[in-house]
1. Equivalent ellipsoid semi-axes for the range 117-206, as square roots of 5 times the alpha carbon gyration tensor eigenvalues: give them largest first, rounded to whole Å.
2. R0 = 30 Å: FRET efficiency of residue 153 with residue 95, Cβ-based, nearest 0.05?
3. Please report the equivalent ellipsoid semi-axes of the chain, computed as sqrt(5 x eigenvalue) of the Cα gyration tensor, largest first, in whole Å.
4. What is the packing order of peptides 4-10, 96-102, taking the mean over residues of other C-beta atoms within 10 Å and listing the highest first?
5. Can you pull the one-decimal nm distance between simple spin-label points at residue 137 and residue 104, each 7 Å off the Cα toward Cβ?
6. Any number yet on Rg/Rh for the range 147-261, C-alpha, Kirkwood?
7. So what does the Cα-only Debye profile of the range 167-218 read at q = 0.13, 0.14, 0.24, 0.30 Å⁻¹, as log10 I(q)/I(0), no solvent term?
8. In Å², what does the accessible area per residue of the chain work out to with a 1.4 Å probe?
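The values are calculated or read from the model by the stated rules, or taken from the named source; none is laboratory data. Keep in mind it's a predicted model, so treat the numbers as computed, not measured. As a convention, Cβ positions derive from the backbone with ideal geometry for all residues, glycine included, and neighbour counts pool all protein chains shown. SASA here: full protein model, heavy atoms, side chains in, ligands and nucleic acids out. Shrake-Rupley method; radii C 1.70, N 1.55, O 1.52, S 1.80 Å.
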Amino acid sequence: MNSALRKFIFHDLQTVEGYIDPPDALVFLSLLAAQREAGFDGGIAEVGVFYGRTYFLLRKISGDRERILAIDLFDIEQEAGGGATQYGRFIENGRRLGLPVDEDLMIKGDSMRVEAEEIIGKVGRVRFFSIDGGHMLRHVAADSRLAAGSLADHGVIAFDDTFNPAWPEVTVGVADFLREQGGMFSAFCMTKYKTYVCRSRFYDFYCKVIGEAPDLRAFGHVETQFLGSKVARLHNPMRRRILYELMMRSGMSALSERAYR
Ligand SMILES: C[S@@+](CC[C@H](N)C(=O)[O-])C[C@H]1O[C@@H](n2cnc3c(N)ncnc32)[C@H](O)[C@@H]1O
């Protein structure tokens, strides 16, 4: 286990408003580390930055030199009284964490208008693509096409908010994507919030990574089926979630990491 990165996930990252929790952060860490070990190169891409919680996780794990392209409308209403904009808060979070944003690789606009060639031109073929932008079917359809079109052979796509009843069209979009691809892509891992897919040729590789990752030992690995492939569903027991929440609320974020060993 990498204690510096775990400290970042359980402490520093929690100071950024946003939507990636420790279980998925540990999956990102395990996948990116395994790719590096295997010599799988390529850029990183993200749709849906918000205030940068996932972006800074990707930056921290991958180091200063990795090219991370990020797309967001960056149009969340300016705070009353002319406060910071969404983009301004994102940049400020980076400064505070000592993880500067590569502004040349930010696309401010609708991801549905971005072409895969533009991404490849900026960061090369992508080894890890996180999708958490618009949550309607048309967004997920466009974003998954964009990801598949720019992905390296060995790349992974992480879809957020799958199986969340608040956003039912995300799940439809992921199912449509897997079926349209006709077996070219397979899901290999699911958490409470995300579904992870890769090209079917790399399915065995990523199943092994999830099964053996030291940082994922704390979770129950429950086998489930999703559209033709066996998927490891990482189960996070209720008692641990409660303990974690209690520690966070009583200012013990640094200690909360122990709950996930
Ligand atoms: C749930 S938030 C993303 C959370 C983020 N991944 C995190 O780590 O906290 C969704 C983001 O998607 C962006 N978004 C929504 N529709 C979009 C679109 N069509 N193109 C680009 N970004 C979009 C929103 O501006 C918002 O910042």
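1. Ellipsoid semi-axes (Å, largest first): 20, 16, 11.
2. Plugging the Cβ-Cβ distance into 1/(1 + (r/R0)^6) gives 0.25.
3. Gyration-tensor ellipsoid for the chain: 25, 24, 18 Å.
4. Per-residue mean Cβ counts within 10 Å order the peptides as 4-10, 96-102.
5. Between residue 137 and residue 104, the label points sit 4.1 nm apart.
6. Here Rg/Rh amounts to 1.02.
7. Result of the Debye calculation: -0.36, -0.42, -0.95, -1.16.
8. So the chain comes to 47 Å² accessible per residue, rounded to a whole number.
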